[in-house]
Amino acid sequence: MTLSHFVKRRDIWLPPLLAAVALVTLWDLAVRLGDIRPYLVPSPSVVAATLWSERSVLGTGFWLTSQAAICGLLGGTFLGTIIGVVFAQSIAVRRAFYPYAIFLQTVPIVAIAPLLVLWLGQGIQSVIAVAFVLSLFPIVTNVTVGMTSIPSSLLDLFTMYGANRWQRFYKLQFPFALAHLVTGVRISSGMAVIGAIVGEFFVGYGGRGRGLGYLIREAVEMNRTDRLFAVVILSTLLGVCLFVLTGLFSDKLLSRWTMRHL
């Protein structure tokens with residue numbers, strides 16, 4: 001999508017922009033007219049000033065958290081796709097191990113994170129592991145569903161033409177599951193950010209700096225509501241950016257795959 005095309009598509013970006021302006025305006029009016037104490041809810045101008053004055057610390061935190069989230073998402077996408085393919089190829093394997101995949105997703109991440117820190121030690125590797133765990137299940141589920149929901153008529157057609165297992169997988173199952181994989185990646189992009197932030201509650205990066213999750217915990221302990229709001233805004237921005245980037249990449253992947261197999 002070119003810049004001129006993006007500018008012309010005002011129906012896409014203009015409504016969210018106007019909604020954001022309206023929300024910030026209401027936020028400012030509520031703080032001013034309601035005489036709300038700054039330590040409870042700071043005004044937008046105070047939060048903006050904090051974002052600027054502490055841009056070095058916040059920028060480093062944003063970069064560290066984005067690294068962990070992206071690495072966790074990539075790992076979850078890779079392994080989750082492989083697991084989903086294996087589950088789709090064997091009913092026995094799916095029945096034996098799929099409940100454990102569900103179990104992994106239902107365990108609270110705040111209970112898993114300390115264990116990962118204990119096993120992997122302090123550092124970004126533990127944060128990546130937490131992001132990886134949270135982003136894995138949506139990929140596994142969507143790939144498995146996509147590869148097992150193929151219409152029987154298409155399967156019968158491939159059987160009639162004598163397609164082997166590899167041909168059935170490459171020309172039917174995986175292309176059919178690709179849209180489901182894209183959906184799983186979009187869901188996991190937000191989960192990876194959540195996992196990275198939760199992991200940073202328990203992990204410090206040492207001399208490398210502090211991630212957004214650690215900054216949130218620090219702001220609460222210091223009663224710095226302005227910094228807390230600033231970090232929450234950056235965390236939301238990171239989630240939105242990662243969702244948009246995965247969406248653009250997924251759309252490009254789908255279009256190229258479709259053109260290649262026409």
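The values are calculated or read from the model by the stated rules, or taken from the named source; none is laboratory data. Treat the numbers as computed from the prediction; the structure is a model and nothing was measured. No Cβ is skipped: glycine too gets one built from the backbone with ideal geometry, and neighbour counts run over all protein chains shown. With ligands, DNA and RNA removed, areas are computed over all heavy atoms of the protein, side chains included. Shrake-Rupley method; radii C 1.70, N 1.55, O 1.52, S 1.80 Å.
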Within the range 155-173, tally of residues that are under 20 Å from residue 87 (Cα atoms), free of Cβ contacts under 8 Å to residues at least 60 places away in the same chain and among the hydrophobic types (A, V, I, L, M, F, W, C): 3
Selected residue (criterion: surrounded by the fewest Cβ atoms within 10 Å (Cβ to Cβ)) from residues of the range 87-116 that are under 30 Å from residue 201 (Cα atoms) and touching a residue at least 40 places away in the same chain (Cβ under 8 Å): 110
Residue that is nearest to the chain's Cα centre (by Cα) [pool: residues in the range 44-84 that are under 26 Å from residue 30 (Cα atoms) and polar (S, T, N, Q)]: 50
Subset of the range 220-255 that is polar (S, T, N, Q) and surrounded by 12 or more Cβ atoms within 10 Å (Cβ to Cβ) - its residue that is nearest to residue 199 (Cα to Cα): 235
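Would you pick out the residues in the range 16-48 that are in contact (Cβ under 8 Å) with a residue 40 or more places away in the chain and either open to solvent by less than 80 Å² (accessible area, probe 1.4 Å) or touching a His at 6+ places or on another chain (Cβ under 7 Å) (or both)?
Taking the range 16-48 as the starting set, the residues that turn out to be in contact (Cβ under 8 Å) with a residue 40 or more places away in the chain are 38-42, 46-47.
Across the range 16-48, the qualifying residues are 41, 42, 46, 47.
Look through 194, 124, 150 and report the one residue that is modelled with pLDDT of 90 or more and among the β-branched types (Val, Ile, Thr).
Details: 124 fails: modelled with pLDDT of 90 or more; 150 fails: modelled with pLDDT of 90 or more.
Answer to the selection: 194.
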Count - residues of the range 174-196 that are free of Cβ contacts under 8 Å to residues at least 60 places away in the same chain and over 17 Å from the mean Cα position of the chain (by Cα): 1
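Inside the range 215-262, can you point out the residues that are in a helix (DSSP H, G or I), of a type in the set (A, V, I, L, M) and at pLDDT below 75? Before the answer, list the steps.
The first filter runs over the range 215-262 and keeps only residues in a helix (DSSP H, G or I), leaving 215-221, 225-260.
Cutting the leftovers down to of a type in the set (A, V, I, L, M) gives us 215-216, 219-220, 228, 230-234, 237-238, 240, 242, 244-245, 248, 253-254, 259.
Those that are in a helix (DSSP H, G or I), of a type in the set (A, V, I, L, M) and at pLDDT below 75: 253, 254, 259.
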Spans of helices (runs of 4 or more DSSP H) in the range 27-113 with at least 2 residues at pLDDT below 90, in contact with a strand residue (DSSP E or B) (Cβ under 6 Å, 6 or more places away or on another chain) and more than 17 Å from residue 234 (Cβ to Cβ): none
